[in-house]
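Novice: Please read through the structure below; I'll follow up with questions.
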Amino acid sequence: MRHFVLFFLLVLSGSAFAQTKAISLEDIWQTYSFYGQSVSGFNFLQDGRSFTRLENNQVVQYDLKTGNRTDVLVDGSELEQEIDNYTFSSDESKILLSSESEQLFRRSSQSFFYVYDRKTKVLTPVFAEKKHRLATLDPTGQRVAFVVDNNIWIKELSDGKMTQVTTDGATNKIINGAADWVYEEEFSFAKAIHWSPDGSYLAYLKFDETEVKEFTYTDFHNDMYPEYNTFKYPKVGEENSIVSLHAFAIDGHKTMDLLTVNNSPEDKWHYIPRVQWTTAGDQLTAQRMNRHQSELELLLFDLDKGNQRTLLTESSKYYIDAHDNLTFLEGGKQFIWTSEQSGFNHVYLYDIKDGNKQQITSGDWEVTDFYGLHDGQIYFQAAKESPMRREVYVKSLKGRDLPRPLAGQPGVSSAQFSDTYDYFVLSHSTINSPTTVTVMDGKGQPVRQIIDNMELKTKMKTYGFQNVEFFDFKTEEGTTLNGYMIKPANMDPKREHPVLMHVYGGPGSQQVMDNWRGQNMIWFQMLAQRGFVIAVVDNRGTGARGEEMKKQTYLTLGKQETEDQIAAAKYLGAKDFIDADRIGIFGWSYGGFMALHCILQGSDVFAAAISVAPVTNWKWYDSIYTERYMRTYAENTDGYDKNSPIHYADRLKGDLLLVHGMGDDNVHFQHTAEMANALIMNNKQFDTYFYPNRNHGIYGGPTRLHLYTKMTNFLLEKIGPKAPVKEKSLPVIISDN
């Protein structure tokens, strides 16, 4: 059924009218006309001078310096397989291929895996009977481990012999070798199998989720009865999985039980967020944390000697973020670690034997990614020049030299280094310029550009993209906040314009960064063409400005963030070119939570809000994320209740659009249903859109086009430009498809 058609006049000067094309929703979400180029399936080879890419169902080798194609390592069409992804064995003699991949949750999938022997040209299926997960070649290239039906298997590639490592796997009860839902989502990993450096052991985590309560959502597929999807989802204060760490010895097929954390109040330790081998084949490390995630221990297990000891401990009056910045130096006597213990995230060098540490980087700035260590030097990314920028640096591990920028230009730079560190691939963008990808030498000098995105840059000029402007202001509370703004072309500074603010605002996040912002930015440019001013502000609790800035929202998620967004709206509303009566806000997930708070607690400031997939009370969200920032509901009832938009439903004055996917495994539809109930019980009118079978991302087919059409029409109808200027104009039609 075709919905209403909304006409209005898009005002353009005569010259702009002649040169600028109007951005359409179909350009953004149907033809994806503004998608930039990217490098798919990129891998450095060990020679340090070659790389491979996945293109046209082939793994193709290129020369780094010249860019010339030098070899086709695997041709999927000849093998009659569609290659989804690939990884090399340690000696690069074999390639592990995945095909027919099927997404499970955010980071997990199942596929058919194959091992391709480059010398014999033989393709060996790992497990032909059904799709499986997390296939991983051992460092010797002789065997592959994988997970099927929640059990771990090892296959010998020489003769096809199969060894079943675990036998107790069962759906919604026991998971071996793969993370449960909440670990996958909040500790950011799905794979829980780890080969030792010499291939003599396979370490793995077991998740006993028997006592974890289940959640069910409904999918509708035109059948007589819907499909019910039930899985284990621990909510605030509820039982989590009992997690244990084990090591399986290839010789002798013996399993060692190394560590268990459980839900008992008597047990201080509750989580095992990371497992990693040292450079030795018999020494394994594991991080364990308490339930509040305010204490951490790094443990070392010596498997041959059968003992364990603690390498380091950390504690915080707030919480500690789990990370992957643990690197062991050759020789096994020292390791690299990053920590916020100085108030900013920095690099430390620890002695394994006595635990002594040395701070390698320091200052009122943050190390944001650690790339590695080579020849006595560390390579890392940092927000050294500004919280809104990222540079790539190198620094001596033991010297007093200052970090030297390898890529220090304004914007956001990230790097991927070759094994020899003679070259790295630099990805760089600014908020006004899409990503470029360049091969750089070890001194930071450009060798060759792989991607320039010139086609997209030309298209941006054709469509009249407006430069994004950064700004900052100080709130009444005294905090300086960073923001960016997009103004309509040829804006009359004496004419008042509506504003759409965009917010995420969650702990450690950033929206105000000088990097290419993707599809939402294109939509913002479209709205600017239609007369909106777009503004984005990072509130307290966001990242790259030190621990105190990030963690001051502890126990009160939503409070300071809402105060800051309201302050930002007032700051904007005081400007001559802003109509203070037509300020709207849009957010998704944590941003949806924030949009609700703003339209309710800031009802005299915000005229409209779009809230997509919002959390509406943290007591309905998962245990690991929520308790990290809020503790449990029993411990912090006021913190939960006072910062739940459910309890402010009576304050709604403006226009609200509430959107949710009914198949959302992350922020359950329950959140929006309860918000709707609260609004109904307070006799508040609102618009709502729900998307059956769609998950937290709300996508698939024309779904995004459908959603953004609704959101665009909502904004135009509720707070759109009041009247056209008397100049040459262009009619624009926006319709629901």
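Novice: Determine the gain in length on full extension of the stretch residue 310-residue 121; use 0.36 nm per residue of separation and subtract their C-alpha separation, reporting nm with one decimal.
Specialist: Computed gain between residue 310 and residue 121 is 63.4 nm.
Novice: Going by a ≥ b ≥ c, the root eigenvalues of the Cα gyration tensor, does region 167-318 fall in the rounded group (a/c under 1.5), the prolate group (a/b larger than b/c) or the oblate group?
Specialist: Because a/c hits 1.5 or more and a/b fails to exceed b/c, region 167-318 counts as oblate.
Novice: Taking only pairs that are 8 or more places apart or on different chains, how many Lys pairs in region 506-638 have Cα atoms under 20 angstrom apart?
Specialist: Taking region 506-638 as the scope, the lysine pair count is 5.
Novice: Apply 1/(1 + (r/R0)^6) to the Cβ-Cβ distance of residue 469 and residue 213, taking R0 = 56 Å, and write down the FRET efficiency to the nearest 0.05.
Specialist: Efficiency, rounded to the nearest 0.05: 0.70.
Novice: Okay, next question. Using the Cα gyration tensor of region 186-275, with a ≥ b ≥ c the square roots of its eigenvalues, what is the shape: rounded (a/c below 1.5), prolate (a/b larger than b/c) or oblate (neither)?
Specialist: oblate
Novice: Under a point spin-label approximation (7 Å from Cα along Cα-to-Cβ), what is the residue 317-residue 494 distance to one decimal in nm?
Specialist: Spacing of the two 7 Å Cα→Cβ label points: 5.5 nm.
Novice: For residue 463, what residues show an amide H to amide H distance below 5 Å, using hydrogens built from the backbone and excluding near sequence neighbours?
Specialist: Residues meeting the criterion, in which the H sits 1.01 Å from N, are 21.
Novice: Also, I was wondering about something else. At residue 419 and residue 684, where each label point lies 7 Å from the Cα along Cα→Cβ, what is the point-to-point distance in nanometres?
Specialist: Here the answer is 5.9 nm between the modelled labels.
Novice: Under a cut-off of 16 Å between alpha-carbon atoms, report the aspartates and glutamates in cross-link reach of residue 161, not counting same-chain residues fewer than 8 places apart.
Specialist: Within reach: 129, 138, 251.
Novice: Would you kindly derive the ³J(HN,Hα) couplings of region 259-264 from the backbone phi angles with the Karplus curve 6.51 cos²θ - 1.76 cosθ + 1.60 (θ = phi - 60°), listing them in order in whole Hz, with x for Gly and Pro?
Specialist: Each residue of region 259-264 in turn: 7, 9, 10, 9, 9, 5 Hz.
Novice: Return the subset of 130/173; 131/710; 65/119 for which the Cα-Cα distance in this structure is over 31 Å, preserving the input order.
Specialist: Over 31 Å apart, Cα to Cα: 131/710.
Novice: Taking other Cβ within 10 Å of each residue's Cβ, how do 619, 268, 684 sort, fewest first?
Specialist: Fewest-to-most ranking of 619, 268, 684: 268, 684, 619.
Novice: Quick one: putting +1 on the C-beta of Lys and Arg, -1 on the C-beta of Asp and Glu, what dipole do you get for region 311-419 around its Cα centre, in Debye to the nearest 20?
Specialist: Rounded to the nearest 20 debye, it is 260 debye.
Novice: Go ahead and estimate [θ] at 222 nm for the chain from helices alone: -39,500 (n - 2.57) per DSSP H run with n ≥ 4, summed, over the residue count, rounded to 500.
Specialist: The per-residue figure over the chain is -4500 deg cm²/dmol.
Novice: Express in nm, to one decimal, how much length is gained between residue 351 and residue 404 on full extension, taking 0.36 nm for each residue of separation and deducting their alpha carbon distance.
Specialist: The span from residue 351 to residue 404 would gain 16.6 nm if fully extended.
Novice: Given H placed 1.01 Å from N in the peptide plane, which residues other than close sequence neighbours of residue 406 have an amide H under 5 Å from its amide H?
Specialist: Excluding prolines and chain starts, which carry no amide H, the hits are 392, 393, 394.
Novice: From the list (1) 31.8, 118; (2) 26.8, 85; (3) 33.9, 131, can you say which value of Rg and Dmax of the Cα atoms in Å was derived from the structure given?
Specialist: (2)
Novice: Using θ = phi - 60° and the Karplus curve 6.51 cos²θ - 1.76 cosθ + 1.60, what whole-Hz ³J(HN,Hα) does each residue of region 638-652 get, with Gly and Pro shown as x?
Specialist: So the J values, rounded to whole Hz, are 4, x, 6, 5, 6, 10, 10, x, 3, 7, 10, 4, 5, 8, 4.
Novice: Run the count for region 220-321, please: Lys pairs, Cα-Cα under 30 angstrom, 8 or more apart or on different chains.
Specialist: Lysine pairs, 8 or more places apart or on different chains, close enough: 7.
Novice: Say the dipole of the chain comes from +1 at the beta carbon of Lys and Arg and -1 at that of Asp and Glu; which of 652, 20, 519 then lies farthest toward its positive end?
Specialist: Looking along the dipole axis, the top candidate is 20.
Novice: Which whole DSSP H helices in the chain pass both tests: a Cα extent of 15 Å or more along the axis and a mean Kyte-Doolittle value no lower than -0.5?
Specialist: 519-529, 590-601, 669-681, 703-719
Novice: Once you have the Cα-Cα distance between residue 451 and residue 107, take 0.36 nm times their residue separation minus that, and quote the gain in nm to one decimal.
Specialist: Taking 0.36 nm per residue and subtracting the Cα distance, the gain is 121.1 nm.
Novice: Taking GluC sites (Glu not before Pro) as candidate sites, keep only those in a DSSP loop with at most 16 other Cβ atoms within 10 Å, then name the longest stretch of the chain containing none of them.
Specialist: 478-634
Novice: Here's another thing I want to ask about it. What distance in nm separates the two pseudo spin-label positions at residue 292 and residue 461, each 7 Å out from Cα along the beta-carbon direction?
Specialist: Output for this residue pair reads 5.8 nm.
Novice: Can you work out the Karplus-derived ³J(HN,Hα) for every residue in region 478-489? Use 6.51 cos²θ - 1.76 cosθ + 1.60 with θ = phi - 60°, whole Hz, and x for glycine or proline.
Specialist: x, 8, 7, 10, 9, x, 9, 9, 10, 10, x, 5
Novice: Nearest 20 debye, what's the magnitude of the dipole of region 41-123 about its Cα centre given +1 on Lys and Arg Cβ and -1 on Asp and Glu Cβ?
Specialist: Dipole of region 41-123, to the nearest 20 debye: 340 debye.
Novice: While we're looking at this one, here's another question. Name the residue from 593, 407, 250 whose Cα lies farthest towards the positive end of the charge dipole of the chain, charges +1 on Cβ of Lys and Arg and -1 on Cβ of Asp and Glu.
Specialist: So the residue furthest toward the plus end is 407.
Novice: Apply the a/c threshold of 1.5 to the C-alpha gyration tensor of region 276-396 and tell me whether it is rounded, prolate or oblate.
Specialist: In terms of gyration-tensor shape, oblate.
No lab work stands behind these numbers, since they all come straight from the coordinates. These numbers were taken from a predicted model, which means no experiment stands behind them. Note that each Cβ is placed from the backbone with ideal geometry, even for glycine, and that neighbours are counted across all protein chains shown.
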